[in-house]
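Written below as structure tokens is the structure these notes are about.
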Amino acid sequence: MAKRDGRASDHLRKQAAATPQDELVAGSPRYPESIHTQALFAQVLERGNLQRALKQVRQNKGAPGIDGMTVDALPEYLKQHWLEIRAQLESGRYRPQPVKRVEIPKPDGKTRPLGIPTVLDRFIQQAIAQVVSAQWEPHFHNHSYGFRPGRSAHQAVREVQATIRAGYGWVVDMDLQAFFDRVNHDRLMARLKSRCPDADLLRLINRFLKAGVSVAGSIEATKMGVPQGGPLSPVLANVVLDELDWELDRRGHRFARYADDCNILVGSKRAGERVMASVTRYVSDTLRLTVNRLKSAVDRPMNRKFLGFTVSRNGAKLKVADKALEKLKDRVRELTRRTRGNTIAKIVAELRESLLGWKAYFGIAEVLSPLRDIDKWVRRKLRCYLWKQWGAAGYRELRKRGVTVREAWNTSKSAHGPWRLSKTPALAFALPLRYFNNLGLPSLAPR
């Protein structure tokens, strides 16, 4: 934990004394309601803004940073130390700690770096993010959907679908290479200043950008990039890429952007190739970022994916992308692996949580046949799991569930493996759809 100066002004101590002891953020002054007339940095430290920030950080949970403090320990820590922290923030002496670098697995087997700030720094970042977002939100482009209040990935996907149906049958699918790692700090700060002209606020944001990263116990400087993992990063990413949005608008393009994932819809392949070349130059020369040529392409929309979805060839109906289906199958395999030794009820309860979360996002899909196939596959995995658990008692279990002597004997004495047997009529009869419904296994496709 950074060194805390124990001295605070008499003014602050009087404010703290007037604050109810049950407040989560002790010592936060009661600012007037008309916060828009205040300096932006004062809005960051406004009592209501801090309380909202603390609530959000606690909801988001997350792992501890380099100091080991947990989210649950934060409220009590703030009650004890907020006066000191606030004094450091107001005097410009607050120094964010380096973020802890962890590698998160990606579906393609690679990893992406994630920076975990300390929970105290997450709290302060969240308070800053709320104020910066409020300043920028009215000016963001209407086709920007990522990390904005009242906007979602579903809306971005629907925007792309509607544009395809309007006759724009080609997509310029742009992938920004290591976007969060390559944001130019000077350009970002200059752009922030245009709508947040508060020197104290800008100084603090710059310190978060340059706080460094802890990798295997050693601290590395951060000269560029916005570390993924902190609450401030998505807002800053939108500030950077808002410039791209308005450039695309100026050129008359139809597009949808969610964070660094951008689809531009055009009417022909030739137009798409021209747009790809000109926008790539703009991204490189103006934004000082790089388009990943290996992952970007001009193609028919049904051959590309956007936020986990693609579209059908006929009617541009929403369809879950193959990679999203494979990722779900990997999760099911993990939960049903043989060595776990859990009861089927426990396995289904864990599957239920994953499947319902997946369905909440992908449930807008209009092409249902892949979802029906996944439902069948999940039930087959569970039949396979149970068959392995039954072991030598397989014959007895089948007979107990009404399978004929002949079918039970042939199945239990078969030389085939559990996965092959999980598709046999005997197991389908012994463990029908009704059995899994009664256990609470959800269906991904509407019945």
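On inspection, Gly402 qualifies as out of contact with any Lys or Arg (no Cβ under 7 Å at 6 or more places or on another chain), at pLDDT 95 or above and outside any helix (DSSP H, G or I). The C-beta contact set for the range 363-382 (first residue exposed (fewer than 15 other Cβ atoms within 10 Å of the Cβ) and acidic (Asp, Glu), second residue in a helix (DSSP H, G or I) and at pLDDT below 95, distance under 9 angstrom, 6+ apart or interchain) is empty. Put simply, of Pro432, Pro418, Pro442 the only residue that is farther than 30 Å from Ile364 by Cα and open to solvent by less than 90 Å² (accessible area, probe 1.4 Å) is Pro418. Of everything in the range 139-161 that's open to solvent by 60 Å² or more (accessible area, probe 1.4 Å) and assigned to a helix (DSSP H, G or I), which residue is farthest from Asp299 (Cα to Cα)? Once the filter is applied, the top-ranked residue is His139. Exactly one of (1) part of a helix (DSSP H, G or I); (2) open to solvent by 60 Å² or more (accessible area, probe 1.4 Å) is unmet by Arg293. Its number? It fails just one condition, (1). Residues in the range 300-352 that are open to solvent by less than 90 Å² (accessible area, probe 1.4 Å) and β-branched (Val, Ile, Thr): Thr310, Val311, Val320, Val332, Thr336, Thr343, Ile344, Ile347, Val348. Every test in (1) modelled with pLDDT of 95 or more; (2) of a type outside the set (A, V, I, L, M, F, W, C); (3) farther than 30 Å from Lys376 by Cα; (4) not in a strand (DSSP E or B) is passed by Arg257 save one, and that test is (4). If the condition is being β-branched (Val, Ile, Thr) and part of a helix (DSSP H, G or I), then the range 222-254 contributes Val235, Val239, Val240.
Just one of the listed residues (Asn206, Asn184) is out of contact with any strand residue (DSSP E or B) (no Cβ under 8 Å at 6 or more places or on another chain) and within 24 Å of Arg93 (Cα to Cα), and it is Asn206. Within the range 186-201, residues that are under 13 Å from His139 (Cα atoms) sit with their Cβ atoms under 7 Å from residues that are open to solvent by less than 70 Å² (accessible area, probe 1.4 Å) and charged (D, E, K, R), at 6+ positions apart or across chains, in these pairs: Arg191/Glu243. For the range 186-196, the criterion of being under 20 Å from the mean Cα position of the chain (by Cα) and open to solvent by 40 Å² or more (accessible area, probe 1.4 Å) is met by none of the residues. Selection of the range 52-93 for residues being in a helix (DSSP H, G or I) and open to solvent by 60 Å² or more (accessible area, probe 1.4 Å) yields Arg52, Lys55, Gln56, Arg58, Gln59, Asn60, Glu76, Lys79, Gln80, Glu90, Ser91. Taking the listed residues Leu398, Leu421, Leu433, the one that is closer than 20 Å to Arg337 by Cβ and either free of Cβ contacts under 8 Å to residues at least 24 places away in the same chain or among the aliphatic types (A, V, I, L, M) (or both) is Leu421, with no other qualifying. In summary, Ala221 fulfils each of the numbered conditions (1) hydrophobic (A, V, I, L, M, F, W, C); (2) touching a residue at least 12 places away in the same chain (Cβ under 8 Å); (3) surrounded by fewer than 17 Cβ atoms within 10 Å (Cβ to Cβ) with the single exception of condition (2).
The values are calculated or read from the model by the stated rules, or taken from the named source; none is laboratory data. Here the structure is a predicted model, which means the values were calculated and not measured. In this analysis, Cβ positions are derived from the backbone assuming ideal geometry, glycine residues included, and neighbour counts consider all displayed protein chains. Heavy atoms of the whole protein, side chains included, go into the accessibility calculation; ligands, DNA and RNA do not. Shrake-Rupley method; radii C 1.70, N 1.55, O 1.52, S 1.80 Å.
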